[in-house]
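Everything on this sheet refers to the single structure shown next.
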Amino acid sequence: MKKYVLVGCGSRGSGAYAMPLIKKYADCAQLCGVYDINRKRAELISKESGVDIPVFDDFDTMLETVKPDKVIVTSKDCTHNEYIVKAMEFGCDVITEKPITTDFDKAQAIIDAKRKTGKDITVTFNLRFSPFCARVKEIVATGVIGDVLSVHFEWMLDTKHGADYFRRWHRERENSGSLLVHKSTHHFDYVNWLLDDEPVAVNAYGTRRFYGHTREERAERCLDCPYKDKCEYPLDITKGEYKKLYLDCESEDGYFRDKCIFSDEINIEDSVSVNVQYKKGAVMSYSLTAHSPYEGYHLVLNGTKGRLEIDKISTELPGYREESKEAIRVHNRRGEVITYNLPARSAEGHGGADGELRDWLFRGVEIRPELQQAAGLRAGLMSIGIGMAANVSMKEERRVWLSEFYKGIEDIR
Ligand SMILES: NC(=O)c1ccc[n+]([C@@H]2O[C@H](COP(=O)([O-])OP(=O)(O)OC[C@H]3O[C@@H](n4cnc5c(N)ncnc54)[C@H](O)[C@@H]3O)[C@@H](O)[C@H]2O)c1
């Protein structure tokens, strides 16, 4: 039986790790402690678990008291490095949520700790475990499109999901490293994994013209905003999970979950355009739009033998008329179009990804070992590497080489 502790008891920490550990994996994994700078949120896990999980006031004390095998890190992105390094130095393996960290200095501290301690780091790229993405990986691995020469990737967040990043801590670059790190880390890892390749250089542009200070009718937060009846994007946190996790915990840290998306505190982009050069020669053009009328992505891999086109679109915004759509097809060089069957839809989190990820993390069940869904430190570094290099590129208005920051990391896995 492995002993786990969890740091960061918000929505992800509680919903994707703590509760499943207690309710579904109690036969093989024991959650022995939780810590969050907001004690009320940590206490919620203990209360709702029904098994009285110890709540700690301090991370170091939790390590010393529990002596866990593994530490699960699900705190705010910019704090991951601190807990990853401390956990490894204490002798624990680490399971961390993406992004592994938010800037190159913090990444270096994690690399140093890995070298010093030799402990394991798993980065939970759940997209790799989604049956849909696994299908795409399988198709690429058959060689049907040959060697990938170029990638065209467009990711859309709608004004429900996308707007939410501009309400929360994510909206400040210091916390999230921007959407290019916080969000795009999933997308960059997906491509790195599909191509079985690593990025070498990045050039990026970004703007913010939809969210931020684009209107005067705004307030600090939705809760008491005088304009909320006519705003298109109000968030009501007086009910359900929002109330329990955030409104009722405000007394501890003053964190508002419903800040105005038109605030001038926001300093991240809502539209980005990124070019990436890969080691084996492929090039990628990637864009992220955080204010789309629908949600999803279009991904194209152009190969020596054909072109793979992937559409995954969901249209949940009220009033939007088109159907949700999922499709995977290959155009080969004989003029044929091959349409692939899609895996059955799953009700589990993130299209079935979270359930499969947890079975692997906690029970060691690997459904498709040949797909190499496990991601370690190196994969984590490569995906944030694109986002962090894009941040440098936008700031310094130049092409950025990852080797400027990642030096001599051939030994890091
Ligand atoms: N893989 C996925 O699909 C996925 C989905 C959502 C979130 N995430 C990741 O999970 C993590 C948590 O996100 P969330 O949506 O639960 O956010 P959240 O705001 O609900 O929770 C973050 C928690 O971290 C705590 N925290 C902040 N600073 C801390 C510190 N210094 N020490 C300890 N705790 C601290 C907060 O009090 C809060 O409880 C993030 O890294 C995020 O990127 C991943």
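Contact map, the stretch 94-106: residues that are in contact (Cβ under 8 Å) with a residue 12 or more places away in the chain and assigned to a helix (DSSP H, G or I) paired with residues that are of a type in the set (S, T, N, Q) and more than 9 Å from the ligand (Cβ to nearest atom), Cβ distance under 8 Å, separation 6+ or inter-chain. Pairs shown: K106/N81. For the stretch 185-218, a residue qualifies if it is in contact with a Leu (Cβ under 6 Å, 6 or more places away or on another chain) and under 28 Å from K259 (Cα atoms), and exactly one does: H186.
Considering only residues that are among the acidic types (D, E), within 16 Å of the ligand (Cβ to nearest atom) and in contact (Cβ under 8 Å) with a residue 40 or more places away in the chain, which ones fall in the stretch 227-264?
Of all residues in the stretch 227-264, those among the acidic types (D, E) come to 229, 232, 236, 241, 248, 250, 252-253, 258, 264.
Filter once more, keeping what is within 16 Å of the ligand (Cβ to nearest atom): 241, 248, 250, 252-253, 258.
E241, D248, E252, D253, D258 - these are the residues of the stretch 227-264 that are among the acidic types (D, E), within 16 Å of the ligand (Cβ to nearest atom) and in contact (Cβ under 8 Å) with a residue 40 or more places away in the chain.
Could you check, for the stretch 32-54, whether at least one of its residues is in contact with a Ser or Thr (Cβ under 7 Å, 6 or more places away or on another chain) and at pLDDT below 95? For the stretch 32-54, residues in contact with a Ser or Thr (Cβ under 7 Å, 6 or more places away or on another chain) and at pLDDT below 95: present.
Quick check on my filter: what residues within the stretch 343-376 are over 15 Å from G15 (Cα atoms), in a loop (DSSP other than H, G, I, E, B) and not polar (S, T, N, Q)? Correct list: P343, A344, R345, G364, V365, E366, I367, R368, A374, A375, G376.
Checking the stretch 160-180 against the condition returns a match, with at least one residue being in contact with a helix residue (DSSP H, G or I) (Cβ under 8 Å, 6 or more places away or on another chain) and closer than 30 Å to R307 by Cβ. Taking the stretch 1-24 as the range and being more than 8 Å from the ligand (Cβ to nearest atom), buried (at least 17 other Cβ atoms within 10 Å of the Cβ) and closer than 18 Å to C92 by Cβ as the test, the residues that pass are Y4, V5, L6, Y17, A18, L21. Residue under question is V85, and the condition is that it be modelled with pLDDT of 95 or more and within 24 Å of S285 (Cβ to Cβ); does it hold? Considered against the rule, which asks whether it is modelled with pLDDT of 95 or more and within 24 Å of S285 (Cβ to Cβ), V85 comes out as no. Look at (1) within 11 Å of the ligand (Cβ to nearest atom); (2) assigned to a strand (DSSP E or B) and you find that L127 fails only one, number (2).
When A42 is tested against the conditions (1) more than 21 Å from I100 (Cβ to Cβ); (2) more than 9 Å from the ligand (Cβ to nearest atom); (3) of a type in the set (A, V, I, L, M, F, W, C), the lone failure is (2).
Can you tell me which residue is surrounded by the most Cβ atoms within 10 Å (Cβ to Cβ) among those in the stretch 166-200 that are among the small types (G, A, S) and more than 10 Å from the chain's Cα centre (by Cα)? I'd like the intermediate steps shown before the answer.
Step one: list which residues in the stretch 166-200 are among the small types (G, A, S), which gives 176-178, 184.
So of that shortlist, the ones also more than 10 Å from the chain's Cα centre (by Cα) come out as 176-178.
Values: S176: 23, G177: 26, S178: 28.
Residue satisfying both the conditions and the ranking: S178.
Criterion first (of a type in the set (A, V, I, L, M, F, W, C) and assigned to a strand (DSSP E or B)) does V144 satisfy it? Explain how you work it out, then say what you get.
On the way: of a type in the set (A, V, I, L, M, F, W, C): yes; assigned to a strand (DSSP E or B): no.
Criteria not met by V144.
Residues that are within 16 Å of the ligand (Cβ to nearest atom) and surrounded by fewer than 20 Cβ atoms within 10 Å (Cβ to Cβ): does the stretch 153-162 have at least one? Within the stretch 153-162, one or more residues are within 16 Å of the ligand (Cβ to nearest atom) and surrounded by fewer than 20 Cβ atoms within 10 Å (Cβ to Cβ). Of all residues in the stretch 234-262, exactly one satisfies the criterion of being of a type in the set (D, E) and either surrounded by 16 or more Cβ atoms within 10 Å (Cβ to Cβ) or within 25 Å of V272 (Cβ to Cβ) (or both), namely D258.
Only residues that are surrounded by fewer than 24 Cβ atoms within 10 Å (Cβ to Cβ), within 16 Å of the ligand (Cβ to nearest atom) and more than 14 Å from R12 (Cα to Cα) were counted in the stretch 93-109, giving 4.
Screening the stretch 20-90 for helices (runs of 4 or more DSSP H) wholly inside it with 2 or more residues that are among the acidic types (D, E) and closer than 26 Å to F125 by Cβ returns the ranges 80-90. Answer yes or no: is there a residue in the stretch 133-142 that is crowded, with 20+ Cβ neighbours inside 10 Å, in contact (Cβ under 8 Å) with a residue 60 or more places away in the chain and within 13 Å of the ligand (Cβ to nearest atom). Yes; the residues of the stretch 133-142 include at least one that is crowded, with 20+ Cβ neighbours inside 10 Å, in contact (Cβ under 8 Å) with a residue 60 or more places away in the chain and within 13 Å of the ligand (Cβ to nearest atom). For the stretch 296-318, the set of residues classified as touching an Asp or Glu at 6+ places or on another chain (Cβ under 8 Å) and among the hydrophobic types (A, V, I, L, M, F, W, C) consists of L299, V300, I313, L317, listed by residue number.
If you filter the stretch 208-233 down to residues that are surrounded by 12 or more Cβ atoms within 10 Å (Cβ to Cβ) and under 24 Å from the mean Cα position of the chain (by Cα), you find that the one that is nearest to E43 (Cα to Cα) is Y233.
Scoring K312 on the criteria (1) touching a Lys or Arg at 6+ places or on another chain (Cβ under 9 Å); (2) surrounded by fewer than 21 Cβ atoms within 10 Å (Cβ to Cβ) leaves a single failure, condition (2).
Residues in the stretch 300-340 that are of a type in the set (S, T, N, Q) and over 23 Å from the mean Cα position of the chain (by Cα): N302, T304, N332, T339. For the stretch 209-231, check the following and say yes or no: at least one residue is among the charged types (D, E, K, R), under 16 Å from A389 (Cα atoms) and in a loop (DSSP other than H, G, I, E, B). For the stretch 209-231, residues among the charged types (D, E, K, R), under 16 Å from A389 (Cα atoms) and in a loop (DSSP other than H, G, I, E, B): absent.
The values are calculated or read from the model by the stated rules, or taken from the named source; none is laboratory data. This one's a predicted model, so the numbers in the text were calculated from it and none came from an experiment. Glycine gets a Cβ as well: all are built from the backbone with ideal geometry, and neighbour counts include every protein chain shown.
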